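Participant: Okay, here's the structure, questions in a sec.
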């Protein structure tokens, strides 16, 4: 089983109009990142996942919990850096 961990890049935080954005980077390196966007005017979330610099998936939602489930359901993509663990 493999898992990837992403940490926030606080320096990437931007607020323009009613939208706030921040990038999260894979702790295992590579050009793997997630871009999160919060639309304060519509109170909704969107996210984009990039692996090796290429867009591999997007998610949208009005509720954080459901949005985050859909964003993470994409799972690992080919070439995404991760930690492998043996299942017993």
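Participant: If a paramagnetic tag sat 7 Å from the Cα of residue 28 along the Cα-Cβ line, which residues of region 63-88 would have the backbone N under 20 Å from that point?
Facilitator: 71-88
Participant: Please work out how much length the chain gains when fully extended from residue 55 to residue 5, using 0.36 nm per residue of separation minus the C-alpha to C-alpha distance, in nm with one decimal.
Facilitator: Working: separation 50, 0.36 × 50 = 18.00 nm, distance 1.75 nm.
Stretched fully, the residue 55-residue 5 segment lengthens by 16.2 nm.
Participant: So for 13, 68, fewest C-beta neighbours within 10 Å to most, what's the order?
Facilitator: Numbers: 13 11, 68 15.
Taking fewest neighbouring Cβ atoms as first place, the list is 13, 68.
Participant: What does the extension gain come out to for residue 66 and residue 78, with contour length at 0.36 nm per residue minus their alpha carbon separation? Don't skip to the answer; put the middle values down first.
Facilitator: Working: separation 12, 0.36 × 12 = 4.32 nm, distance 2.43 nm.
Between residue 66 and residue 78, full extension yields 1.9 nm more.
Participant: For semi-axes √(5λ) of the Cα gyration tensor in Å, one of (1) 25, 15, 10; (2) 48, 17, 9; (3) 19, 16, 12 was computed from the structure I shared and the rest are decoys. Which label?
Facilitator: Working out semi-axes √(5λ) of the Cα gyration tensor in Å from the coordinates points to (1).
Participant: Separate question: Within region 1-16, whose backbone N sits under 19 Å from a point 7 Å along Cα→Cβ of residue 86?
Facilitator: Under 19 Å, as judged by backbone N against the label point of residue 86, lie 1-3 of region 1-16.
Read the figures in this text as sums done on the coordinates, not as results from a lab. Only a predicted model underlies this, so the values are computations on that prediction, with no experimental measurement involved. All Cβ positions, even for glycine, are placed from backbone atoms using ideal geometry, and neighbour counts span all protein chains on display.
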